[in-house]
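Report on the structure given below.
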């Protein structure tokens with residue numbers, strides 16, 4: 001299994017993390033639609049021989065705000081991103097290992113410009129947008145850039161129209177299937193949730209849709225609110241036996257309003273992550 005990490009500024013933060021918690025094999029980053037990957041991040045991935053995982057976000061650069069004719073699903077389907085997406089695919093197509101593009105993730109929610117449940121959007125419009133992204137990327141990079149389809153681990157709202165399957169573009173249009181979810185801990189009406197419970201349902205349902213495709217946990221992390229963060233990390237080593245198609249896992253090494261998921265702040269967590277990366281290699 002390939003273990004990765006996301007950091008807000010990996011150019012300065014990755015080396016200290018490696019010293020404390022071991023060397024990940026995947027470097028996760030995000031790109032606002034219309035832009036390229038930061039050149040320093042590309043250079044870092046090359047230097048460290050890390051696989052680049054790129055979350056492609058066709059919005060205005062912020063989660064909030066309303067979609068416009070040039071952002072989200074409308075923008076993608078009207079071709080507003082074709083040229084820049086083509087340039088992005090060409091920028092990274094020569095990287096080895098082959099980079100992964102994760103376009104429009106967590107579509108089965110309400111918080112992104114491309115979320116199907118938002119007013120003016122739909123699952124059908126998402127599938128059309130995915131097909132356009134697929135066509136543009138394949139035309140610019142062939143199979144040298146892998147495409148990851150990645151819903152959130154639970155649908156928000158949890159309705160038939162917003163189920164994973166409603167957004168699935170078909171096995172032929174995806175190389176990898178992924179998801180994202182966090183253990184926010186015992187806070188705000190939430191409860192401490194172990195890794196297997198967090199991902200069991202989405203693994204089962206996405207494998208039913210794409211049984212021949214590898215499965216990735218493209219974003220995850222745990223706070224220490226209500227349990228032992230180091231123990232939660234140690235449990236990650238049990239996931240390959242529970243989820244045989246699991247090929248990669250990316251830890252979000254950040255502090256944000258929803259929780260502190262950083263590894264270096266707690267030595268026990270850093271040691272647990274180092275042990276985890278060694279255990280799954």
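Where a number appears in this text, it was derived from the coordinates with a stated rule and is not lab data. In this text, all values refer to a predicted model and were calculated from it rather than measured experimentally. Here the Cβ positions follow ideal geometry from the backbone for every residue, glycine too, while neighbour counts run over all protein chains shown.
Structure summary
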| read-out | value |
| --- | --- |
| Euclidean distance of C-alpha centroids, region 31-79 and region 181-239, integer Å | 25 Å |
| Calculated log₁₀ intensity ratio I(q)/I(0) where the Debye formula runs over C-alpha points of the chain, q = 0.10 Å⁻¹ | -0.49 |
| Cα long-axis angle, helix 82-92 against the chain (0 to 90 degrees, to the nearest 10) | 40 degrees |
| DSSP bridge pairs, the chain: antiparallel proportion in percent, nearest 5 | 5 percent |
| For region 1-44, the Rg and Dmax computed from alpha carbons only, in angstrom | 11.2, 35 |
| Mean ellipticity per residue at 222 nm, deg cm²/dmol - from DSSP H runs of n ≥ 4 across the chain, formula -39500 (n - 2.57) | -10500 deg cm²/dmol |
| Whole-number D in µm² s⁻¹ for region 38-106, Kirkwood Cα-pair radius fed into Stokes-Einstein, 37 °C, 0.692 mPa s | 247 µm²/s |
| Value in Å of the Kirkwood radius, where region 47-171 supplies the Cα pairs that are averaged | 14.8 Å |
| Rounded FRET efficiency, nearest 0.05, which uses the C-beta distance separating residue 38 from residue 163 and R0 of 41 Å | 0.70 |
| Spatial separation of Cα centroids for region 244-273 and region 97-127, in angstrom | 24 Å |
| Convex hull projection area averaged over all views, region 116-220, Cα basis, nm² | 7.6 nm² |
| Mean shadow area of region 1-117 over all directions, Cα convex hull, nm² | 7.8 nm² |
| Acute angle (nearest 10 degrees) that the helix 195-209 long axis makes with the longest principal axis of the chain, alpha-carbon atoms | 30 degrees |
| Nearest-0.05 FRET efficiency for residue 266 and residue 128, computed from C-beta distance (R0 41 Å) | 0.35 |
| Rg(Cα)/(2.2 N^0.38 Å) for region 149-281, N = residue count | 1.07 |
| Rounded to 10°, Cα long-axis angle of helix 267-279 versus longest principal axis of the chain | 70 degrees |
| Evaluated over region 220-281, the Cα radius of gyration and Dmax, each in Å | 11.7, 33 |
